[in-house]
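First comes the structure, then the notes that go with it.
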Amino acid sequence: MPPFLLAALGAIGAAALTKFIATENRRVNDLLEKQKEAGAAEPEPTPLERDPATGTYRPRSTSEGQKAS
């Protein structure tokens, strides 16, 4: 097969893939907007505290979360 035909087929395939991805992106964003408008609330963020012994972050316990810093 001549190289220019392969390049043309590749370009057509890339254009079709781009169009498909854009269509799916719009569809998913529309679904997310409908859910957002329906009142799906974001959960409250959990405050994290660094564990000095291990260096990892863990959720702050409720008793420690009420202490004044």
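The values are calculated or read from the model by the stated rules, or taken from the named source; none is laboratory data. What you are looking at is a predicted structure, and each value in this text was computed from that prediction instead of being measured. In this analysis, Cβ positions are derived from the backbone assuming ideal geometry, glycine residues included, and neighbour counts consider all displayed protein chains. Surface areas here come from the heavy atoms of the whole protein model, side chains and all, with no ligands, DNA or RNA. Shrake-Rupley method; radii C 1.70, N 1.55, O 1.52, S 1.80 Å.
Things worth noting here:
- Here the calculated FRET efficiency for Ala15 and Arg60, from their Cβ-Cβ distance with R0 = 35 Å, stands at 0.10, rounded to the nearest 0.05.
- Shown for the chain: the carbon plus sulfur share of the solvent-accessible area, taken with all protein chains present and a 1.4 angstrom probe, equals 61%.
- Distribution of pairwise C-alpha distances over the chain, 5 Å bins, in %: 3, 12, 9, 9, 8, 7, 9, 9, 9, 8, 6, 5, 3, 2, 1
- Between helix 3-37 and the chain: long-axis angle, C-alpha atoms, 0 to 90°, nearest 10: 40
- Selected from Ala53, Ala11, Ala41 as most flexible by GNM, with the chain as the system and alpha-carbon contacts under 10 Å: Ala53
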